[in-house]
Amino acid sequence: MKGGLKVPLISLILIGFVCASVIILAYVKSPFLSYWTSSQDLVFQISPADYKVKDEEVLRERNRSGQSEENVNFESAISNSSTKDKVTEEPITNTEIEGSAGIPLNFTQKGGDLKVLGEKNSSREQENEVAAPLNSAGVAIENMTSDSKDHGCNYAKGRWVTDDSRPLYSGFRCKRWLSAMWACRLTQRTDFEYEKLRWRPRDCEMEEFTGVKFLKRMENKTLAFIGDSLGRQQFQSLMCMITGGEDRPDVLDVGREYGLVKARHAVRPDGWAYRFPRTQTTILYYWSASLCNLTPINASNPLTDYAMHLDRPPAFLSRFLPRFDVLVLNTGHHWNRGKLNANRWVMYVDGVPNTNRKIADINGAKNLTIHSIIKWVESQLPKYPGLKAFYRSISPRHFFNGDWNTGGTCDNTTPLSGGKEVVQDESSDAGAAAAVKGTAVKLLDITALSQLRDEGHISRYSIKSTPGMQDCLHWCLPGVPDTWNEVLFAQL
């Protein structure tokens, strides 16, 4: 009998083992049983993107219901009237009056105010995403497609906030780098609240700028600004920011290395270049208002016209690009008949005078040039893999009740009277955004954030002012261009 009990005992053990296995398997596979797992485990199944989407939906709902008092449309000041017109996304036709061609392309004018486009929906942003280019091995190249965003941050979207620690330098002391005509502290202007504002991006923290950090990041490197007088303002702003506005005897003038010397009878050289010897950091500016290659049609005639090659980069850029590590391009405000005629510039395409009527239109010529130079820079980047190239969007003008030569003014001295926040996802300079889209050239998008700062212009306080004319194009320094450089620094 004792020996006969062994078989049933073993059978019972086997049956118990099989039942336990079935129960465990059912527990793992059954949705019902899994329901009772810890809620802490489920929390980690939600991605950060899920939270972001929900936050954006809440914000959009607040915007629609009027709960957000800061999400306002900003008004441009090309002209000011009592009629408020709605914005369309059609580009305006630039009038052939000096200074008019600098209006951002997605502004529209109907005899009244201009308004910047508001926030775009998220589906538009998804449609505009561009796949990363592939290298010869078919592998995606990271951080190469152009966008105003960097590591998930759209620096152009955010708000102006008061910061009593500003400005970053003194408008009194920065005399070596800053032109007196742009140093509003040296004029009769008495209000300086515009110096106390700092730009805060909405989706991320923008690194605090210091000269030490900038020079360390740009050690053994060269940064080149190439563009018009607004590019020159950005260059002077950066020199003041790096030095804290102090005269630095150790900083070397190396303009001669780049041919930047004042010619006989010239008012100024075509640009400037300075080097910080301790870090071997070079900062330079070259004046090229149109970003076209200009060549004399008849070199033997001192009054010759100049071929304005819309599809060729400036000779300076072609020659010195191999020496640059960071390139910032801009153009815009010289694209009008008055400027072209005064400079005796004649449009050329493919090496011959242009005969295409669409290109002959100022806006068409400008767009061709912007697309051409970005395409050319894009073609050069594989040769210089360390080069970072930016195209800066247009700096807005703020002429009220007229234009630069018809009594237009910008007398407002109250900061942010037209709003303090940019809520749109897309650039207000649609032409620039379209030109860099899908390329390795990044958009330095400063248009909308600058549009809110009509109080920051030179206005009537220009040292060389003409009675009845105000400068509502250039900015007081310290001022708005300092922010352009902070946004640039954040992307280096």
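The values are calculated or read from the model by the stated rules, or taken from the named source; none is laboratory data. Everything numeric here is computed off the predicted structure, so don't read it as measured data. So basically every Cβ, Gly included, is an ideal-geometry build from the backbone, and we count neighbours across all protein chains shown. For the accessible areas, the whole protein counts, side chains as well, though only heavy atoms, and no ligand, DNA or RNA atoms are used. Shrake-Rupley method; radii C 1.70, N 1.55, O 1.52, S 1.80 Å.
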Requested in this report: May I ask you to list the residues in the range 243-291 that are over 18 Å from Ile226 (Cβ atoms), of a type in the set (A, V, I, L, M, F, W, C) and open to solvent by 20 Å² or more (accessible area, probe 1.4 Å)?
Outcome: Leu252, Ala263, Ala266, Val267
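One line per residue, one yes/no per condition, for (1) touching a residue at least 12 places away in the same chain (Cβ under 8 Å); (2) surrounded by fewer than 24 Cβ atoms within 10 Å (Cβ to Cβ); (3) more than 18 Å from Tyr391 (Cβ to Cβ):
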position	(1), (2), (3)
Glu455	yes, yes, yes
Thr466	no, yes, yes
Trp475	yes, no, yes
Ala490	yes, yes, no
Report summary line: Leu294 passes all but one of the listed conditions (1) in a loop (DSSP other than H, G, I, E, B); (2) open to solvent by 50 Å² or more (accessible area, probe 1.4 Å); (3) among the aliphatic types (A, V, I, L, M); the exception is number (1)
Report task. Determine, yes or no, whether Ser372 is under 18 Å from Ala307 (Cα atoms) and assigned to a helix (DSSP H, G or I). Result -> yes
Report task. Consider Glu219 carefully, then state whether it is touching a strand residue (DSSP E or B) at 6+ places or on another chain (Cβ under 9 Å), more than 24 Å from Ile463 (Cα to Cα), free of Cβ contacts under 8 Å to residues at least 12 places away in the same chain and loosely packed, with under 14 Cβ neighbours inside 10 Å. Result -> no
Query - Flag for Ile463 being farther than 23 Å from Asp203 by Cα and either modelled with pLDDT of 95 or more or part of a helix (DSSP H, G or I) (or both) - result: no
Query raised in the report: In the range 324-362, what residues are farther than 28 Å from Trp404 by Cβ and either of a type in the set (S, T, N, Q) or under 23 Å from the mean Cα position of the chain (by Cα) (or both)?
Result: Phe324, Asp325, Val326, Leu327, Thr355, Asn356
Query raised in the report: For Tyr384, are the conditions met, namely being in contact with a helix residue (DSSP H, G or I) (Cβ under 8 Å, 6 or more places away or on another chain), open to solvent by 10 Å² or more (accessible area, probe 1.4 Å) and over 26 Å from Phe489 (Cβ atoms)?
Result: no
Requested in this report: Residue by residue through the range 387-417, note down the ones that are buried (at least 21 other Cβ atoms within 10 Å of the Cβ), touching a helix residue (DSSP H, G or I) at 6+ places or on another chain (Cβ under 9 Å) and among the small types (Gly, Ala, Ser).
Outcome: Ala389, Ser393, Ser395
Requested in this report: Just one of (1) over 20 Å from Trp335 (Cα atoms); (2) of a type outside the set (Gly, Ala, Ser); (3) in contact with a strand residue (DSSP E or B) (Cβ under 8 Å, 6 or more places away or on another chain); (4) surrounded by fewer than 22 Cβ atoms within 10 Å (Cβ to Cβ) trips up Glu426, so point out which.
Outcome: (3)
